[in-house]
Structure formats: structure tokens, C-alpha cells
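Notes follow the structure.
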Amino acid sequence: MNDEPQFSEADLAPSPEERAASRRHLIDRAAASTAALAAGAWAGGMVALGACAAPFVFRLTPAPYSGDAMTAAFARFDQLALGAAVILLGAEVVRTWAAGRRGVGPAARVRRVLAMVIAGCAAYVGLALTPRIAALHRDGVRRGEGELGMELERAHRRAELAGRAEVFLGASLVVLHVFTLGARRPELDDDEEADAPLPPGPR
């Protein structure tokens, strides 16, 4: 009677834990890709509007039409930015769950903080700042003229500052989402401290 252990194809199949870890790994990568695309589109759109379109619109179009046109454009973009913020926050929730112990590192923590900050910027600009600027433009207020004009000037300055912050934060999030992608399969994390099996032969 042969007492040697018999191996079968089933012995080489991944365990349920390994399959679950593999699924989490794929989900983590999908969430990171989605977040990077959302942050990149957000930052790129802000550069296109603020640095490329706005200077030429204000230079070539007479007031108040230039202000009305750019306010309408930024109001539309604010809706996209709010949608991107929701995607970023949702991706952070998914990545925190999928990454497990790898999600507690410093880079992942910074990434989560930046996602909350940029979402706060989107909410402030889209729900408070841009509607106020639009209301002042509708009332015929001109920047720098009178008390309301000074308020409009301050609102524009805050919007420009928030736009620069969103570009920086968006670009930083793209880098962090790429940087925090695990090169190893997640299931290896649980086994990294386990003893390696001894080679066959006499002990």
C-alpha cells in the first residue's frame, strides 16, 4: 500500500480566501483607475477654462457679456466637478475596503484627506461662490465699481484661488492613486510573515 501523499488538480486551485483577495485586488485597481480619470478630467477641465478660455473671452468679448458667458461656463463645469467629487469619494470608500491593511499607509491617508479637501472646494464653489457671482452679474454689477463691485471682485479672487487649488489637488490625487496601487497580490500580505516550507528530503 502506497502511503505517499497523492496530489490532484484540486490541490493547486486557489483557496476561497485567495479568490476573495484576488477580487479585492481587481476592485482596488478599478477604483483607482476611475478616481484617477475623474481627478485628471477635473484638473484638466479647470486648466482649459481658467487658463485658456477665460483670458481670451474677457479680452475679446465686451462686458457684461464676457462675464455672463464665463459665469455660465463655470456654472456648468461646477456640476461636472461635483460629480467628479462624488466619484472620488466613492472610490476612496471602495479602495479603503479593498486594500485592507495596505490602506492604512501614509500615502493612502494623504490621498483620502486630499479627496475630502477637493470635494469641499467643489461644494463651496459650486453651491455658494458661483451662484453668488452669477447673481451679481445678473444685477449688472461690475467688478471693482461700488460696494457690490468690490464684493464681486473678492468673489472672483476666491474663485480663482479655489480653481488653482483644485488643479493642484486633482493632479496630486492622480499621482497618489497611481502610487498607492499595490504591485503585489493582496493575498500575499497575509502570508508575508509565514515560515517558508522546508524542501523535501531528510530533516
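Here, each number is a calculation from the coordinates, and none is a lab measurement. Since we're looking at a predicted model, the values are computed, not measured. Here the Cβ is made from the backbone with ideal geometry for all residues, glycine too, and neighbour counts use every protein chain on show.
Structure summary
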quantity	calculated
Gain in span if fully extended, residue 53 to residue 89, counting 0.36 nm per residue against the direct Cα distance	10.1 nm
Ordering of 56-64, 156-164 by packing [mean C-beta count within 10 Å, highest first]	156-164, 56-64
Förster radius 25 Å - calculated FRET efficiency between residue 60 and residue 154, Cβ distance, rounded to 0.05	0.50
